[in-house]
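See structure below.
The values are calculated or read from the model by the stated rules, or taken from the named source; none is laboratory data. Quick caveat, the model's predicted, so the values are computed rather than measured. Cβ coordinates were reconstructed from backbone atoms using ideal geometry, including for glycine residues, and neighbour counts include every protein chain displayed. Surface areas here come from the heavy atoms of the whole protein model, side chains and all, with no ligands, DNA or RNA. Shrake-Rupley method; radii C 1.70, N 1.55, O 1.52, S 1.80 Å.
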Amino acid sequence: EGAALLERTVRDLVRFFDCHPAAVACDQHPDYASTRLAERLAAEWGVPLVRVQHHHAHAAAVAAEHGLEGELLGIAWDGTGWGPDATIWGGEALALSGADHRRVASLRPFPLPGGELAAREPRRSALGLLFAHSPALARERARAWFSPAEAGALVGMLERGFNSPLTSSAGRLFDAVAALAGLRDRNGFEGQAAMELEFASEGIEAEPYPLPLVAAGEVAHADWSLLIEALLADVDGGASPGTIGARFHEALAALVVEIARRAGTRRVVLAGGCFQNARLTASALQRLSTA
């Protein structure tokens, strides 16, 4: 239904403006309905098909909106976008120069048991994150979210790497933290757990969790292992979800500045669904301005 509406809208607009498109652009994901439509239209109209990486598109859109040219750093954080390395991207820092881009930093990847199901169940993101940190810890904490049979099956999937794709998604990290903080283990709608984490942290000032940027070849990784250890200590010490949320938001905002320092650029754009989060965006802007 959505794909049919998209095609009808595209054809109506082309007819309304009486134009012949010079090119068709689409997401790089090979299996989106919109990608297949773009392939069909480009062939029908005899024009080039331009495949654009999801997070490059996010950052380039902000640059275009503000008329920015030349080199800049794009921080693109969201739930899901296809990565050229066949993993699920979503916590990316890209150096942009015109139409070119280069990945300079990312969140350290972790597995998602059940793949896309994790977007609806923050507990799955939490389990995958814990498993990447410590399989024994994952087994121990899984009891809070799953029946013994479910926990055994999911940990088994993670051990075998079956249907557990790797992700560097900031959105899934938000989900995992919300589940670990005890806020929500299943979403009723997209982004619910992350929104509740944001609202819980409103008005609370807190020191950021440690979230160091570690050099790992050409792409630096934001390593969340120390963050997880500090967060679990807070949970076990009875800290409120609001305090945990506040520390997490400040860790991400501080990470933005660290990435910008490492990249050595003075122009930074913030893009992707995670920056609809008012606290994250305000804190990142304030820290960037100060730096």
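For the stretch 238-276, residues that are in contact (Cβ under 8 Å) with a residue 60 or more places away in the chain and touching a strand residue (DSSP E or B) at 6+ places or on another chain (Cβ under 9 Å) total 16. Checking each residue in the stretch 192-215 for being assigned to a loop (DSSP other than H, G, I, E, B), of a type in the set (G, A, S), touching a residue at least 12 places away in the same chain (Cβ under 8 Å) and surrounded by fewer than 19 Cβ atoms within 10 Å (Cβ to Cβ) picks out only A206.
Restricting the stretch 101-128 to residues that are modelled with pLDDT under 95 and of a type in the set (G, A, S), the residue that is surrounded by the most Cβ atoms within 10 Å (Cβ to Cβ) is A118.
Considering every residue within the stretch 63-81, establish whether at least one is over 21 Å from R267 (Cβ atoms), open to solvent by less than 40 Å² (accessible area, probe 1.4 Å) and aromatic (F, W, Y).
No, that holds for no residue.
Mind listing just one residue for me: the one in the stretch 168-191 that is part of a loop (DSSP other than H, G, I, E, B), open to solvent by less than 30 Å² (accessible area, probe 1.4 Å) and not hydrophobic (A, V, I, L, M, F, W, C) and, of those, nearest to G272 (Cα to Cα)? Among those that are part of a loop (DSSP other than H, G, I, E, B), open to solvent by less than 30 Å² (accessible area, probe 1.4 Å) and not hydrophobic (A, V, I, L, M, F, W, C), it is S169. Those helices (runs of 4 or more DSSP H) of the stretch 225-291 in which 3 or more residues are among the charged types (D, E, K, R) occupy 225-236, 241-263.
Is it the case that E92 is of a type in the set (D, E, K, R) and buried (at least 24 other Cβ atoms within 10 Å of the Cβ)? Yes: the conditions hold for E92. Please specify each residue of the stretch 1-32 satisfying the condition of being more than 19 Å from W82 (Cα to Cα), under 29 Å from the mean Cα position of the chain (by Cα), open to solvent by 70 Å² or more (accessible area, probe 1.4 Å) and among the acidic types (D, E). E1 - this is the single residue of the stretch 1-32 that is more than 19 Å from W82 (Cα to Cα), under 29 Å from the mean Cα position of the chain (by Cα), open to solvent by 70 Å² or more (accessible area, probe 1.4 Å) and among the acidic types (D, E).
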